[in-house]
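The values are calculated or read from the model by the stated rules, or taken from the named source; none is laboratory data. This is a predicted model, so every value here is computed, not measured. Heads up, the Cβs are rebuilt from the backbone with ideal geometry, glycines too, and the neighbour counts pull from every protein chain shown. Keep in mind that these areas ignore ligands, DNA and RNA; they rest on the heavy atoms of the full protein, side chains included. Shrake-Rupley method; radii C 1.70, N 1.55, O 1.52, S 1.80 Å.
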Amino acid sequence: MNMAVQEVVKAFKKRLLALGFTKKTDRLFWYDNNGLFYVVSFKMKGREVVKIGLEISHAALFDDGVPKQGSSAMGGWIGRGGLCNGGSLHRDEDSLLKCLGDALDADFLERAVREFFSSFVTAADWQAALGTTVENQVNWRWYTDDWRNDADIFDIPIRADAGGAPPPWRLNEAGGMKTSEEFRRSLTALLAINARHFGWHMRDELQLVRRRGAVYECVCLVPDDVSVFCGVRAFIGSDAFASPMTSPVANFSDDFLPGAVWIRTSELLGNARLLKDLLEKAAIFCSQFNTAQDWLAYIEGRAEMQSLAFGWFQRFKDVREG
């Protein structure tokens, strides 16, 4: 058993009680915002907690008005990139907490709770998240078989007056929740404005690219599956790769941000200076790599340090040794 991780989980559960969550079982804590439920769940593997999930549900989904674990499609497991997508990145759905590495402590988990649930105050916020889930139906499974993956949740309406009584620890939220498509449009517009300032050009909705010698410097914004959190990734592209503006392990390069940390999407949209600062850090990060070999050597070193096995390194062996 990983005692360090389990001690963090134990401290985190005490934090939840201090925030006013009710303990239903060791695996489920919940907060009732006037029928809009904030649910924190814990997945066990033997005696060890291996995942922590955050989900939004509402009273009408349950006959007794009390939430059950894994009963809503709105939310996800806490991972490196926000919610839901950590499992697909590390190829091991039962190691999400360990993959957070040094970033994992009770403060980190409490901040995740405050930031995620602060985006859901009213029934309208639930409806916006529901729209995101309809847009991205893969969310129904959260990359796992132990979450609700049926569609009848969409046929159970939330009370119009649900929510509206947010907890005292709620963070300020400008503009409320939006669908993922609305978030993407806003983020793309913000990137386009900043691209000109730094000499980048837009390659895709949420990706900037500029050529420097033999490599392409790439920066992209990566919203999580509910778009509450957004990661910022910088990586190197090269003509030596299958596609010039892609990269092996692109989503693993978050060193210029503090550890395994994401940013609230609403904070990014509401602070024009924040994205400029991040792009400046991304440019500094990319400047240390002059060739495809430099980039692949760095990624391989990171993979070894994290004890992660990425099979595609062999595929690029000729690039590294070229």
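Step by step: first the residues of segment 11-30, then only those that are of a type outside the set (Asp, Glu) and more than 22 Å from Pro166 (Cα to Cα), then the one that is most open to solvent (accessible area, probe 1.4 Å). Which residue is that?
Arg27
Yes or no: segment 178-190 includes at least one residue that is modelled with pLDDT of 85 or more and more than 19 Å from the chain's Cα centre (by Cα).
yes
Can you pull out every residue in segment 43-71 that is of a type outside the set (A, V, I, L, M) and touching a helix residue (DSSP H, G or I) at 6+ places or on another chain (Cβ under 7 Å)?
Scanning segment 43-71 gives Lys45, Glu48, Lys51, His58, Gly65, Ser71.
Pairs under 7 Å by beta carbon, first residue open to solvent by less than 30 Å² (accessible area, probe 1.4 Å) in segment 264-281, partner assigned to a helix (DSSP H, G or I) and charged (D, E, K, R), six or more apart or different chains?
Arg264/Glu115
So which residues in segment 166-187 are without any contact (Cβ under 8 Å) to a residue 60 or more places away in the chain and open to solvent by less than 30 Å² (accessible area, probe 1.4 Å)?
Within segment 166-187, Gly176, Met177, Thr179, Ser180 qualify.
Only one residue in Val228, Val232, Val222, Val209 is surrounded by 14 or more Cβ atoms within 10 Å (Cβ to Cβ), modelled with pLDDT of 85 or more, of a type in the set (Val, Ile, Thr) and closer than 30 Å to Arg114 by Cα, so which one is that?
Just a single option satisfies the conditions, and that option is Val228.
Tell me which residues, restricted to segment 77-101, are crowded, with 18+ Cβ neighbours inside 10 Å and either at pLDDT 75 or above or among the aliphatic types (A, V, I, L, M) (or both).
The answer is Trp77, Ile78, Gly79, Gly82, Leu83, Leu96, Leu97, Leu100.
If we scan segment 284-291, do we find a residue that is of a type in the set (Ser, Thr, Tyr), closer than 20 Å to Ala234 by Cβ, open to solvent by less than 60 Å² (accessible area, probe 1.4 Å) and at pLDDT 85 or above?
Within segment 284-291, one or more residues are of a type in the set (Ser, Thr, Tyr), closer than 20 Å to Ala234 by Cβ, open to solvent by less than 60 Å² (accessible area, probe 1.4 Å) and at pLDDT 85 or above.
Across segment 31-54, which residue is surrounded by the most Cβ atoms within 10 Å (Cβ to Cβ) among those that are of a type outside the set (A, V, I, L, M, F, W, C) and modelled with pLDDT under 90?
Lys51
Name the residues in segment 189-206 that are open to solvent by less than 30 Å² (accessible area, probe 1.4 Å) and farther than 27 Å from Arg111 by Cβ, would you?
Listed by number, the residues that qualify are Ala195, Trp200.
Please enumerate the residues belonging to segment 55-70 that are on the phi > 0 side of the Ramachandran plot and either surrounded by fewer than 20 Cβ atoms within 10 Å (Cβ to Cβ) or part of a strand (DSSP E or B) (or both).
Gly65
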